[in-house]
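Readers should treat all values here as calculations from the given coordinates under stated rules, not as data from a laboratory. Quantities reported herein were computed from a predicted structural model and do not represent experimental measurements. Quick reminder, even Gly has a Cβ in these numbers, built from the backbone with ideal geometry, and neighbours come from all protein chains shown.
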Amino acid sequence: MSELQKIVVLYGGNSPEREVSLVSGQAVEKALKSAGYETELIDLTGPEKVFEALKTPCDLFFPVLHGSWGEDGRLQAALDLSGRPYVGSGPLASGLCMDKWASKALFDRAGLHTPKGVLVRQKDGTGDLPGLLRALERYGKLIVKPNCGGSTVATSVVSCSEELLPALNAAWEQKSGGALVEEFIPGRELTVAMWDSGSGPEALPAVEILPASGFYDYQAKYTDGASRYESPARLSGEEARALSEAAVAAWRAVGLRDYGRADFRLPPDGEPVLLEINTAPGMTSHSLVPMAAKSAGMELPDFLSRLARRAWSRDVGRPRA
C-alpha cells in the first residue's frame with residue numbers, strides 16, 4: 001500500500017465567506033505541512049475552476065470552502081465523480097446541513113430539540129408578517145438568518161416589530177434559500193466538535209462562547225478580543241453527556257463523515273437545543289474545532305493528520321492521478 005504524501009487544500013471560493021475560507025485554508029495547509037505532508041493550496045475562485053483543480057496530482061484533497069457551491073455538496077459531488085479521495089462529508093450530508101430548514105426536519109424526526117421556526121421566502125412577500133409579529137410577541141426575540149448561509153452573515157436578533165422587515169430583507173439579499181426565522185433560545189451558547197477516529201462518531205469537549213456584545217455575529221467570531229471562549233466548557237457531568245449525545249445523534253441523523261461541528265443553546269432547564277450542524281467548520285485562530293481538539297489533547301497538525309489518514313485509508317484502491 002502506498003503512503004499518503006501529498007495533500008491539496010482547496011479554499012477561497014466566491015461566497016460571502018471567502019475571507020474566512022482563505023484564512024482557514026492557510027491554517028490547514030500550514031498545519032498539514034508541519035505534520036510532514038507535501039502540500040499545495042488551490043484557490044477555487046469560482047465553480048468553473050473545480051474540474052481543472054481536480055486534475056492536480058495528489059493523494060488527497062482537503063476542502064476548506066465555506067458557503068454556496070463549496071460547502072453545499074456540489075464540490076463534494078465533483079470530487080466523487082472524479083474519483084478523487086477527500087476529507088469531509090459527502091454530497092448528501094453537505095447539502096442537507098447547508099440547508100438549515102431541511103436538516104432541521106431530520107433533527108426533529110430523530111427526536112432532537114430544535115428551536116421553533118418557519119422558512120420565509122422572498123417570493124411570498126410580506127404575507128407572513130402578521131404571524132411573525134405574533135411569534136415575536138410570544139417569544140420576546142426572534143433570530144432571522146439566511147437558510148443556506150454561514151458565519152452568521154446577515155443574521156439578526158429581532159427584539160421589536162420595527163426590526164423584523166429589515167432583518168428579513170438582509171437575509172433575502174443573500175439569495176440563500178429564503179430566511180429562517182426562529183424563536184430566540186435564552187441560555188448559554190456552546191458548540192461541540194465531532195470526529196470519527198475510526199470507531200464511529202465521537203464528541204470532543206464542548207466549547208462555550210462568550211461574545212462581548214452578547215450575540216455571536218460575524219464580528220464577534222472573527223475580531224480579536226470580541227469574544228471569550230471556555231475550552232473545555234464548565235459543565236456538569238449530566239450537561240456534558242447530554243451535549244455529546246445530542247451531537248452524535250445529529251451526526252447520525254444527517255450522515256456526516258470525518259468531522260463536523262454542532263452548535264447548541266443550553267437553556268436553564270438543561271436540555272440542549274440544537275441550532276445547526278456545520279460540515280466545513282472554520283480553522284482560523286478564532287475557530288472552535290481547533291480549540292476543542294486541543295482540549296482533547298490534539299494540536300491542530302495532529303488532529304488534521306488523523307483526519308487526512310482516515311479519509312485516505314477509506315479511499316485506498318481508488319484510481320490516483
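A Förster distance of 45 Å, applied to the separation of the beta-carbon atoms of Lys6 and Ser236, puts the FRET efficiency at 0.50. Using C-alpha pairs under 8 Å with a sequence gap of at least 6, the mean separation divided by the residue count of the chain gives a relative contact order of 21 percent. Which is farthest toward the positive dipole end of the chain among Ala253, Pro85, Val28, measuring Cα position about the Cα centre, with Cβ charges +1 (Lys, Arg) and -1 (Asp, Glu)? Farthest towards the positive end: Pro85. In a simple Cβ point-charge model (Lys, Arg +1; Asp, Glu -1; nothing else charged), the chain has a dipole of about 520 debye relative to its Cα centre. Along region 39-45 the Karplus relation, 6.51 cos²θ - 1.76 cosθ + 1.60 evaluated at θ = phi - 60°, assigns HN-Hα couplings of 10, 8, 9, 10, 8, 8, 6 Hz to successive residues, with x for each Gly and Pro. Based on C-alpha pairs under 8 angstrom that are at least 6 apart in sequence, region 115-181 has a relative contact order of 41 percent. For a straight C-alpha distance cut-off of 22 angstrom, the lysines reachable from Lys294 (same-chain residues fewer than eight places away being disregarded) are Lys30, Lys33, Lys221.
Amide H contacts under 5 Å for Ala206: Ala233, restricted to partners 5 or more places along the chain or on a different chain, H placed in the peptide plane at 1.01 Å from N. Of the DSSP H helices in the chain, those that are both long (alpha-carbon extent of 20 Å or more along the helix axis) and hydrophobic (Kyte-Doolittle mean at least -1.0) are 18-34, 237-254, 300-314. DSSP bridge analysis restricted to the chain gives an antiparallel fraction near 75%, rounded to the nearest 5.
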